[in-house]
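Here is the structure we will look at, set down as structure tokens.
Read-outs: derived from the displayed coordinates by stated rules, not from any lab. Note that the structure is a prediction, hence the values are computed from the model and not measured. Counting neighbours? That spans all protein chains shown, and the Cβs are built from the backbone with ideal geometry, glycine included.
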Number of protein chains: 4
Amino acid sequence: MNISLPLILVNFKAYSQGTGANALKIAKDADLVFKETGVNIGVAPVATDIRMISESVDVPVFAQHVDPIEPGSHTGFLTVEAVKEAGAIGSLVNHSEHRLRLADIDVCINNLRKAGLVSVVCTNNEIVSSAAAALNPDFIAIEPPELIGTGIPVSKAKPEVVTGSLEAVHKVNRNVIVLCGAGITTGDDVYAALKLGTRGVLLASGVVKAKNPFDVLMSMAEAVIKVEE
Amino acid sequence: MNISLPLILVNFKAYSQGTGANALKIAKDADLVFKETGVNIGVAPVATDIRMISESVDVPVFAQHVDPIEPGSHTGFLTVEAVKEAGAIGSLVNHSEHRLRLADIDVCINNLRKAGLVSVVCTNNEIVSSAAAALNPDFIAIEPPELIGTGIPVSKAKPEVVTGSLEAVHKVNRNVIVLCGAGITTGDDVYAALKLGTRGVLLASGVVKAKNPFDVLMSMAEAVIKVEE
Amino acid sequence: MNISLPLILVNFKAYSQGTGANALKIAKDADLVFKETGVNIGVAPVATDIRMISESVDVPVFAQHVDPIEPGSHTGFLTVEAVKEAGAIGSLVNHSEHRLRLADIDVCINNLRKAGLVSVVCTNNEIVSSAAAALNPDFIAIEPPELIGTGIPVSKAKPEVVTGSLEAVHKVNRNVIVLCGAGITTGDDVYAALKLGTRGVLLASGVVKAKNPFDVLMSMAEAVIKVEE
Amino acid sequence: MNISLPLILVNFKAYSQGTGANALKIAKDADLVFKETGVNIGVAPVATDIRMISESVDVPVFAQHVDPIEPGSHTGFLTVEAVKEAGAIGSLVNHSEHRLRLADIDVCINNLRKAGLVSVVCTNNEIVSSAAAALNPDFIAIEPPELIGTGIPVSKAKPEVVTGSLEAVHKVNRNVIVLCGAGITTGDDVYAALKLGTRGVLLASGVVKAKNPFDVLMSMAEAVIKVEE
């Protein structure tokens, strides 16, 4: 894996504001911020937008999901091969809005790694984070589901969940990089998340539904720089 | 709906031979055959290839699946809006490899129609076909699951399933156009399917895994012309 | 099928008030009301309580769900055979809290019928009701999901959904008996439901979470008698 | 938890030979073998048979599955409360025929423990076993899916999977008791499984579909005694 850290990873979900032409615009904002600040910003658009975006920007593009299948006779499912050919360099796995079976998370992580792609496994609490760590993904993003979309950052509301999960993950597997998710909407939230020891954030509406995504991303990148100094 | 009939609809599934650059090649073959013969050929690539293909060919592009959701906070799912923005003019619904809940088929058909997109609902037997007809999709594709991928055409192995389903569908809803699926691999199969009264075929491996997809599509288009004469 | 109509069908769900010893108590209340009034009351307890209850009462016992499988190598799923051996005379199918795939509803209805058991398919709107009717179940219970558990009876809040669904069902299949669900909590609601032309009700919390289930059931039975006079 | 080890745990699945009256007969065989030999034999019948069997025998009864829910408005699902009231002392979780989402396995283990019930989480390989161990269940049963129902015992065909999983589990969590599943049909298989360091076996068809379940169980119990000497 060769992803510059810290990482600000923006999940476009199925928001209208993050689909099609709107998705491309936000991805270009991310690209600009990256080029101005050097802070790494990943974008995770819907499957239909992956290729268009990866051909238009230099920041890393992630799939929001891959299915635990091999290429073959499957209709309406996404192989790692398909998202890789479209230009994705990794994928979210087991997002709280798209939970997977335990054995399938293992398959997805392996399929991604075999293809040279990065896995970002989402988890909801300390114990599930330590289980996910045993599966050896590249990243784990801690997102207490009750905070997703609330604008209440987990880094402030439940810092002990973040630090507890960090510890739980690293006790099982020191190689896993931990991101902080759920409720992240400002540069301050990013600053707090990094100060707790995580190596980045996973967020969605805070950027995608912002009036000015560029400004939000810029303030987050500045927070990253401030922490790294 | 404004789709020229009969329709040869090719599901690329998650085959390596139908993903990425390979998908584009088959879509261009379909485009050539369409332009030479005037016979309508639809292509249904994986989600990540929809935009690239719809920007490159004039034949209609279908999604293989849409999720029964509205735009919003959903991760790794496909809205009708997303596939439409990418250039799809319709979608398969309830393929035998991606069965949906009854109420969700209703939602998908409605979401597609509201967006001006075409629904092709797959069914497995007469009684399920008549239930699907009650939901008022644009198309129903009859595919006895036991014949899918076998190369044994339902039009020959079980013509009574096709004619029975046609009758069952039209008894409930005269507006639904019926396609014949499962085991279609040759021009002869297409000929037989149309002779039974269907208005087209849904097929996959017969074209996607063929040595020469162009030749197969051409022989199928010729069979269509022969029936229509 | 040999079920006396009208039918008051009580779904015990997974309520604590309707599980184990509590379930047996409500079932005995139903049995008493049936014996005093002659009005048929079915009970649908959780799987683990079916045998105990069917051995203790004379009213018909339904499963809340059966899986679309044959006996064999399946773990933690319920065959029709298992619920029949335990004494159930039928099953709910496709409850709004347990939606099934279209093709699986077909399988469940067939498996139940082959075993001599009754199917009660739940639906959420007119068009889905007419699709369900095409599958030829014994009963269809119309339950607009937005009213379930609200105490607002569909028979009052949306009578046009009930009459529309009745008509839609019978246009497709005259043999299907229609029940009215969602929000039924009083004898008045039952009276209104029957007056709209349905042949019974499907309800849950109105009885199971009542202070005195016997009294509620008795007032409902009296409403049935009043309509039938 | 207070379960005597080693444990022979028999999953009755949805086999006709293990449902209803047949289930009771096998459970009584298990009871007899237990009473003659002192070797602990658990039985896991379908939900509808749990109460009947737990009232008839002294050996521990397990559910084959519990749903990750609290008591309440759920139709056709099984709470821990329901299986406990019926007499179960534990449950299989995440059987290869009933895989669960990672976060739901966590919920099931917690719900079982809070109710004083035992969890037996099934896993398919070393890495998934170590993830399951992080969730702190009482038992983990290793069952390579490709061997289930084959009669080829994992203890012979892939002893390294068993020993590797044992080690992987105990590296993460020393408290978890490991059972050996998949392909166990004879006393020899049980002997081999225990010799590899597991504390029991999980099996199904080897007993349930045997001509004489009593004899098979007796030979397995004798194998346990032989190892324990």
Original post:
What's the FRET efficiency of D:D58 with C:S56 using the Cβ-Cβ distance as r and R₀ = 25 Å, to the nearest 0.05?
Top reply: 0.55
**OP:** List the equivalent ellipsoid semi-axes of segment B:71-173 in whole Å, largest first, each obtained as the square root of 5λ for an eigenvalue λ of the Cα gyration tensor.
**Re:** 27, 15, 12
Subject >> Compactness of segment B:110-229 - radius of gyration and Dmax, Cα, Å >> reply: 14.1, 41
Subject >> Gain upon complete extension [C:K35, C:E160; 0.36 nm per residue less C-alpha separation] >> reply: 41.6 nm
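Using only the Cα atoms, work out Rg/Rh for the protein assembly as shown, with Rh taken as the Kirkwood radius, to two decimals. Could you put the intermediate results ahead of the total?
Values: Rg = 28.8 Å, Rh = 29.4 Å.
Answer for the protein assembly as shown: 0.98.
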**OP:** Compute the signed sum of charges (Lys and Arg +1, Asp and Glu -1) over the other residues within less than 14 Å, Cβ to Cβ, of D:A103.
**Re:** -4
**OP:** Beyond 24 Å, what share of the Cα-Cα pairs of segment A:7-228 is found? Please give it as a whole percent.
**Re:** 37 percent
Original post:
Magnitude of the Cβ-charge dipole of chain C, K/R +1 and D/E -1, about the Cα centre, nearest 20 debye?
Top reply: 120 debye
**OP:** Hydropathy first: keep DSSP H helices in chain C averaging at least -0.5 on Kyte-Doolittle, then drop any whose Cα extent along the axis falls short of 30 Å, and list what survives.
**Re:** none
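Figure the gain on full extension for D:S219 and D:D188 (residue separation times 0.36 nm, minus the Cα-Cα span) and round it to one decimal in nm.
Separation in residues times 0.36 nm, less the Cα-Cα distance, equals 10.3 nm.
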**OP:** Would you kindly work out the equivalent ellipsoid of segment C:131-193 from its C-alpha gyration tensor and give its semi-axes, the square roots of five times the eigenvalues, largest first in whole Å?
**Re:** 22, 11, 10
Subject >> Shortest-first nm distances, C:R199 label point to equivalent points in other copies (7 Å, Cα→Cβ) >> reply: 3.7, 5.7, 6.6
Original post:
Quick one: if you stick a label point 7 Å off each Cα along the C-beta vector at B:K226 and D:E146, how many nm between them?
Top reply: 4.5 nm
Original post:
In the neighborhood of D:R51, defined by Cβ-to-Cβ distances under 9 Å, what is the net charge if each Lys or Arg adds +1 and each Asp or Glu adds -1?
Top reply: -3
**OP:** Evaluate the relative contact order of chain A (contact order divided by residue number), counting alpha-carbon pairs under 8 angstrom at least 6 apart; express in whole percent.
**Re:** 19 percent
Original post:
Of all the stretches in chain C, which is the longest one without any exposed loop site, taking trypsin sites (Lys or Arg not before Pro) in a DSSP loop (any state but H, G, I, E, B) with at most 14 other Cβ atoms within 10 Å?
Top reply: C:1-173
Original post:
How big is segment B:72-124 by the Kirkwood estimate over distinct Cα pairs, in Å?
Top reply: 11.5 Å
Original post:
Taking the Cα atoms of segment A:6-108, what is the range of coordinates along each of the three principal axes, in descending order and whole Å?
Top reply: 42, 25, 23
**OP:** Net charge near D:S4: determine it from the other residues with C-beta under 12 Å of the C-beta of D:S4, scoring Lys and Arg +1 and Asp and Glu -1.
**Re:** -1
